[in-house]
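Data block below; observations after.
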Amino acid sequence: MPVGAAIGQSLPVAVGVMVSPLPVVAVVLMLLSGKARANAFAFVLTWFVAIALLTGVVAFLAGSSAGTEEQPATWVSVVKIVLGAGLLFLSVKNWRERPREGEEPPAPTWMSAIDGFTPVKSAGLSVVLADVNPKNLLLVLSGGAAIASAADGSTSAKVTATLVFAVVASAGVAAPLVIYLALGDRAGAVLQSLRTWLVHNNTAIMAVLLLVLGAKMVGDGISGF
């Protein structure tokens, strides 16, 4: 079925978006700030919408001439190879930039400003991290391309797969909010520990993640010829 194929092809990429550390860190910092709930809810909801919109646009635009699941259009295979190569490049870059033993990685400058954020600024940061940040942008584009090539021209398959993609991709940023709501006053220590671990291991996590997904995209592209 086109729906199952579209979800199956895009799901690994959605998981890649889900476990991206920096957006999760952003939500954690918002939950430790003065406007915890308002900022975190604004970030998570905007993240879902931003991911769904970009994925859907790519899926529908690419799907209009993507061929069939058995015989995808040649350009779709080329796009997958290019996107995969981009992910592999970022994987190598992240691995080379990973902090060495005992070294504290520099935190992005926007992290220090989160404490003074409003819900509007939180939503803006969400859009930037979801659809503008190069690492996430390549992942979302890859997800949309995977849906387009597997949906076999079915509108319902594209819509369903796009929504599933966005839900899975949003689970990571939603997790700290769930912890905050579930643990109440005890959430602070858990979130602080989570933030420290994610910041320190961000580059290594992304390096491995991008390597796996990049290799998959290149392999999918080659198999389409």
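Name the single residue, out of those in segment 198-211 being closer than 11 Å to residue 21 by Cβ, in contact with a helix residue (DSSP H, G or I) (Cβ under 9 Å, 6 or more places away or on another chain) and not hydroxyl-bearing (Ser, Thr, Tyr), that is surrounded by the fewest Cβ atoms within 10 Å (Cβ to Cβ). My answer is 201. Considering segment 72-99, the residues that are at pLDDT 80 or above and under 19 Å from residue 59 (Cβ atoms) include one that is surrounded by the fewest Cβ atoms within 10 Å (Cβ to Cβ), namely 78.
Could you check, for segment 196-205, whether at least one of its residues is over 14 Å from the mean Cα position of the chain (by Cα) and without any contact (Cβ under 8 Å) to a residue 24 or more places away in the chain?
yes
There is no residue in segment 12-33 that is surrounded by 19 or more Cβ atoms within 10 Å (Cβ to Cβ), of a type outside the set (A, V, I, L, M, F, W, C) and farther than 15 Å from residue 209 by Cβ.
Taken over segment 42-59, the criterion of being out of contact with any Asp or Glu (no Cβ under 9 Å at 6 or more places or on another chain) and either of a type in the set (D, E, K, R) or surrounded by 18 or more Cβ atoms within 10 Å (Cβ to Cβ) (or both) is satisfied by 42, 43, 44, 46, 47, 48, 52, 55, 56, 58, 59.
The values are calculated or read from the model by the stated rules, or taken from the named source; none is laboratory data. All values derive from a computational prediction rather than experimental measurement. All Cβ positions, even for glycine, are placed from backbone atoms using ideal geometry, and neighbour counts span all protein chains on display.
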